[in-house]
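All of the numbers you see were taken from the coordinates with simple rules; none came from a lab. Keep in mind that this is a model prediction, so the values were computed, not measured. So basically every Cβ, Gly included, is an ideal-geometry build from the backbone, and we count neighbours across all protein chains shown.
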Amino acid sequence: MSVTSTVAPARKGGDNVSLEATSSRWGEKAVVAWLFLCGALSVLVTVGIVVSLVGPAVEFFRAVSPGQFFSTDDWAPRQDLFGVSRLVAGTAAVVLYSCIVALPAGLGAAIFLNEYAKPRTRRILKPLLEVLEGVPTVAYGFFAFVFVTPLIREWWPTFLPGKLGEAPGIFSVGAAGLVLGIMIIPTVASISQDAMAAVPKGLREAAYGLGSTRRQVATEVVVPAALSGIIASFVLGVSRAVGETMVVLMAAGATARLGLWPNEEALPMTAFIARTSTGDIATGTTIYYTVFAVGSLLFLITFTMNYFSARLVRRFREAYE
């Protein structure tokens with residue numbers, strides 16, 4: 001059996017042989033075009049979101065001055081009180097308590113899975129942990145309202161004195177933050193563990209060769225080396241907490257407050273948007289445009305967080321060859 005090969009002719013004026021394909025690779029070009037469309041789609045969706053928010057938000061600020069919106073702290077749109085700081089405080093409180101739960105737990109789970117767990121244990125635990133990401137958020141909301149809130153109301157006064165020890169009501173920031181933190185643990189743990197798995201084994205072996213313990217290798221070698229990925233997981237988890245709706249809608253409450261006590265109820269921005277947009281409000285009224293003004297502020301907050309997180313990731317990124 002004979003095998004024939006074809007070599008592209010040499011270029012005139014030189015001895016180099018061209019190894020480039022002589023025919024167009026239409027399949028490869030189609031794949032590149034498809035990937036470009038996928039990337040462009042995300043940009044177009046973002047632009048569409050901005051366009052849908054800007055117009056109504058401008059109409060809102062024609063009726064309400066930015067000073068009244070940002071500098072006052074009274075929120076009652078039906079009484080022409082539009083101080084958004086109470087909504088921002090409610091969002092900040094829920095996100096704060098969710099971060100207290102999710103960030104240490106997620107990072108600890110990632111360290112265990114990557115540095116301590118055996119391969120078989122890792123193959124079992126990581127998919128089980130990631131299953132929590134697929135649970136509908138409304139299920140987390142019911143879990144917070146039916147199970148977590150009654151449990152907190154029963155045990156809270158036992159451990160905490162004074163004002164902080166007052167039993168929470170039916171709704172509370174603490175219950176919403178706790179369940180929201182449980183919900184974003186898989187996000188933090190999965191991305192952090194992937195970042196740690198990308199750290200070269202040579203760094204671990206060098207540390208062990210110097211007499212380091214497993215804890216020292218995990219916390220003083222692997223975690224700093226994977227810091228950019230860990231920061232990205234934190235920011236992604238916090239961004240999801242900021243934009244979460246169903247959990248805070250069902251567990252945080254409907255009273256706008258400035259306090260950050262976990263045993264009080266609050267009205268986060270996403271909960272206000274959900275409550276107001278599904279209520280009986282007339283299109284074109286100031287209350288109707290309030291939804292878009294709050295949504296625009298929420299978009300700006302998440303955009304700013306992601307912008308600075310990208311800068312942090314670039315600053316702490318480690319390159320290995």
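Computed over region 50-129, the range of Cα coordinates on each principal axis works out to 62, 28, 18 Å, biggest value leading.
In this label model, Ala33 and Arg153 are separated by 6.1 nm, measuring between points 7 Å along each Cα→Cβ vector.
Between Glu205 and Val131, the contour length at 0.36 nm per residue exceeds the alpha carbon distance by 23.4 nm.
If R₀ is 45 angstrom, what is the calculated FRET efficiency for the pair Gln79 and Arg122, using the beta carbon separation as r and rounding to 0.05?
Details: r = 56 Å, r/R0 = 1.24.
The value I calculate is 0.20.
Sorting Met269, Met305 by the number of Cβ atoms found within 10 Å of their own Cβ, with the fewest placed first, yields Met305, Met269.
Just to verify a number: FRET efficiency for Ala63 and Ala40, C-beta to C-beta distance, R0 = 45 Å, to 0.05? It would help to have the intermediate numbers written out before the result.
On the way: r = 36 Å, r/R0 = 0.80.
Efficiency computed from Cβ-Cβ geometry: 0.80.
Highest GNM mean-square fluctuation among Leu37, Leu53, Leu227, for the chain modelled with Cα contacts below 10 Å: Leu37. Region 286-317 and region 71-129 have Cα centres lying 16 Å from one another. Ignoring trypsin sites (Lys or Arg not before Pro) that are buried or in helix or strand per DSSP, and keeping those with at most 10 other beta carbon atoms within 10 Å, what is the longest stretch of the chain between them? Counting at most 10 other Cβ atoms within 10 Å as exposed, the longest clean stretch of the chain is 26-321. Its DSSP H runs of at least 4 residues, each contributing -39,500 (n - 2.57), put the calculated 222 nm mean residue ellipticity of the chain at -21000 deg cm²/dmol, to the nearest 500.
Label separation (Val146 vs Leu258): 3.9 nm, computed from points 7 Å beyond Cα along the C-beta direction. In this structure, the amide hydrogen of Leu81, modeled 1.01 Å from its nitrogen in the peptide plane, lies closer than 5 angstrom to those of Ala76, counting only residues at least 5 positions away or on a different chain.
Against the chain, whose longest principal axis is taken from its Cα atoms, helix 85-111 shows a tilt of about 40°.
Since only Ser296, Met269, Ile182 are under comparison, the one whose Cα sits farthest along the positive direction of the charge dipole of the chain, derived from C-beta charges on Lys, Arg, Asp and Glu, is Ile182. Considering only Val94, Phe143, Phe36, and ranking their Cα positions along the charge dipole of the chain that arises from unit charges at the beta-carbon of Lys, Arg, Asp and Glu, the one farthest toward the positive end is Phe36. Were the residues from Ala282 through Arg214 laid out at 0.36 nm apart, the gain over their Cα-Cα distance would be 18.2 nm. Taking the C-alpha atoms only, the angle from helix 26-63 to the longest principal axis of the chain is near 20 degrees. Taking every C-alpha pair closer than 8 Å and separated by at least 6 residues, the mean separation divided by the residue count of region 178-321 gives a relative contact order of 27 percent. Taking the convex hull of the alpha carbon positions in region 241-321 and averaging its projected area over all directions gives 8.1 nm².
With a 10 Å cut-off between alpha carbons and a GNM built on the chain, which of Glu133, Glu205, Glu28 moves the most? The residue that fluctuates most here is Glu28.
For the chain, pairs of C-alpha atoms spaced more than 31 angstrom apart make up 50 percent of the total.
Short to long, the 10 Å bins of the Cα pair-distance histogram for region 181-282 hold 14, 29, 22, 17, 12, 5, 1, 0 percent of all pairs.
Most mobile of Ile182, Ile281, Ile301 per a Gaussian network model of the chain (Cα springs, under 10 Å)? Sorting by GNM fluctuation, first place goes to Ile281.
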